[in-house]
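The block underneath contains the structure these notes are about, expressed in C-alpha cells.
FYI, it's all coordinate maths here, none of it is from the lab. Computed from a predicted structure; not experimentally measured. Here the Cβ positions follow ideal geometry from the backbone for every residue, glycine too, while neighbour counts run over all protein chains shown.
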Amino acid sequence: MSKDIYGMHKHHIVFRSHGGLDFGLNLVSLTPEEHEGDQGPHKNKNRDMELKKGLQAQLMALFPEGEFFTVGEIAEKLGRTERYFAPHFRKVPAVGGKHSGYEVVKKLMGGRFY
C-alpha cells in the first residue's frame, strides 16, 4: 500500500496478488479508515465487490465486447505505455494482434468477472 502526500491510501481494486495491474482506473484513494476499517474493501466483501463491479463496468465501456484492440490501443485508453502492457497481454488470446474487448476486460479484472 502506498500513501499520497495527503495521507490517503492508494488501493488496488483488483489486487496485484490477484492479477491486478497498475493503471489509474484500478486505483482508488481511500482514507486510512475507509481502507483498513471494518467497512473497507479488505474486511468488507460487499465494499470490495462494489469497487470491483464499478471497475468492471468502466472497463466494459472502454473495451466493448465484439470490438478488438491492439496493446497500443489498450495502453492509450488506460494512460500507460505499450511497453508496460505488452508482457501482460502476451498470453491473452488475440486475432491478428488484436484482443477482443471480452479478453481485455477479463485480463484487467485479474482473469475473472464479477
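Given R0 = 22 Å, the distance between the Cβ atoms of Phe113 and Thr31 translates into a calculated FRET efficiency of 0.15. Largest GNM mean-square fluctuation among Gly66, Gly96, Gly79, using the chain with Cα springs under 10 Å: Gly96.
One quarter of the surface of the convex hull around the alpha-carbon atoms of the chain equals 7.2 nm², the direction-averaged projected area.
A simple spin-label model places pseudo-atoms 7 Å from Cα toward Cβ; at Ser17 and Lys98 they are separated by 3.9 nm. Among Leu51, His18, Ala94, pick out the residue whose Cα is farthest towards the positive end of the charge dipole of the chain, where Lys and Arg carry +1 and Asp and Glu carry -1 on C-beta, about the Cα centre. It is Ala94, whose Cα lies furthest towards the positive end. Please work out how many pairs of lysine residues in the chain are eight or more positions apart (or on different chains) and have Cα atoms closer than 14 angstrom. Going through the chain pair by pair, I get 7.
When only the Cβ of Lys, Arg, Asp and Glu is charged (+1, +1, -1, -1), the dipole of the chain relative to its Cα centre reaches about 400 debye. Annotation for Glu67 and Arg90: the two label points, set 7 Å from Cα along the Cα-Cβ direction, are 2.8 nm apart.
Per-residue packing, averaged as other Cβ atoms within 10 Å, sorts the ranges 57-63, 31-37 into the order 57-63, 31-37, beginning with the highest. You can think of it this way: the chain between Lys53 and Arg80 has 7.5 nm of extra reach, that is 0.36 nm per residue less the Cα-Cα gap.
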